[in-house]
1. Taking only the stretch 372-396 into account, find how many residues are part of a loop (DSSP other than H, G, I, E, B), in contact (Cβ under 8 Å) with a residue 40 or more places away in the chain and closer than 22 Å to residue 41 by Cβ.
2. So, restricting to strands (runs of 3 or more DSSP E) that lie completely within the stretch 236-354, which ones have at least 2 residues that are within 18 Å of residue 367 (Cα to Cα)?
3. Is it fair to say residue 369 is in contact with a strand residue (DSSP E or B) (Cβ under 7 Å, 6 or more places away or on another chain) and within 27 Å of residue 319 (Cα to Cα)?
4. Looking only at the stretch 260-306, count every residue that is farther than 12 Å from residue 352 by Cβ, within 16 Å of the ligand (Cβ to nearest atom) and free of Cβ contacts under 8 Å to residues at least 40 places away in the same chain and tell me the total.
5. Among the residues of the stretch 166-192, write down those that are within 21 Å of residue 92 (Cα to Cα) and in a helix (DSSP H, G or I).
6. Touching a helix residue (DSSP H, G or I) at 6+ places or on another chain (Cβ under 8 Å), within 14 Å of the ligand (Cβ to nearest atom) and either under 17 Å from residue 295 (Cα atoms) or modelled with pLDDT under 95 (or both): does that describe residue 250?
7. Only strands (runs of 3 or more DSSP E) wholly contained in the stretch 67-165 count here; list those with 2 or more residues that are surrounded by fewer than 20 Cβ atoms within 10 Å (Cβ to Cβ).
8. Looking only at residues in the stretch 329-356 that are under 17 Å from residue 33 (Cα atoms) and away from the ligand (no atom under 16 Å from the Cβ), which one is surrounded by the fewest Cβ atoms within 10 Å (Cβ to Cβ)?
Ligand code: GCU
């Protein structure tokens, strides 16, 4: 082989993927550190007191909608505690969260496993699940969910109802034993308890408690995020959990909800997005994967109706998703992508995290070094940011979990 041919091969294989022919954005991104009135945000104080609030308002008005949480009273009822769960490895707790407004109530089930080997209060991951708490593990002591579940014949879910046969159908995405072995607790709830994922039924969950008038400017993601914060109200009070070390995570649409919850609720000490894509970590201003028109057409109930106005007009949206990730600063944030998950635009997910740099720099942190996507399966970390692109498809795989736990070890241990 000629030396020049060898050199070409070496260069080709050592170049990070996606750097060829990728336009970074189709339009310039809205300025993160310039206030609505055009003032440069130069320090933490004006970021926290002014710009953060402006951005949250913009997101509420144009993207996710508002959730009037002041209207609802929350009570937590611990219905069972098993000190010897999973063959002695874990403490299992089941909690019912009661949402109350005047005479109406709605319930959600919160399932918690804590590692028995950790004597002090344990750090914990909190995330929503797609098919009911009983889908995350075969443990027979997990109560069957009573609420609306999306039909899935392969998972034995018919007529929107859970069955015993659907126990453990999603264990592949929930490495519960491994998480416990690594010294973390894990907590989960079914997202349908808050808003059934269905365009005509999404207002039959928590939204039942609100007046019609209040439902005009909101969507299902806002309810899922609210659910995560309602669980947090319990978790911070439980002495067996380290309330300064609770990470919120989510896969795909539930990653969108986790990011929005993490942006709003600063009690979450770490935020993890797995393959969250459009409306999650991915920038809107790119011509790759799902866009605003498609997501609103297929899932008209996820966002506030105002968001639909930006179909084919992403450049007019006053925010882009680097701002959502910046709202998590100064707390650690990790974005996981998958190579074949083109719909979620992996490079757009990376670019959001990169363009959130200036918010972290206000706090004096070292940030991501460049716009180049890292190599496959090689997590890239800055002081407070983490990113990887895993080989394979849209999923929450073992590699993702191990990377998130390594990142958490770095910040929590
Ligand atoms: C669809 C949708 C995505 C979403 C995903 C999921 O693919 O287009 O936006 O993230 O479902 O939640 O699995």
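1. Number satisfying all stated conditions: 1.
2. In the stretch 236-354, 270-274, 333-338 are the strands (runs of 3 or more DSSP E) which contain 2 or more residues that are within 18 Å of residue 367 (Cα to Cα).
3. Taking the combined requirement at face value, the residue does not satisfy it.
4. Result for the stretch 260-306: 9.
5. Once the filter is applied, which keeps residues that are within 21 Å of residue 92 (Cα to Cα) and in a helix (DSSP H, G or I), the stretch 166-192 yields 166, 171, 172, 173, 176, 177, 178, 179, 180, 181, 191.
6. For residue 250, the condition - touching a helix residue (DSSP H, G or I) at 6+ places or on another chain (Cβ under 8 Å), within 14 Å of the ligand (Cβ to nearest atom) and either under 17 Å from residue 295 (Cα atoms) or modelled with pLDDT under 95 (or both) - is not met.
7. 73-85, 90-101, 104-115
8. 330
The values are calculated or read from the model by the stated rules, or taken from the named source; none is laboratory data. Fair warning: this is a prediction, and the values are worked out from it, not measured in the lab. Heads up, the Cβs are rebuilt from the backbone with ideal geometry, glycines too, and the neighbour counts pull from every protein chain shown.
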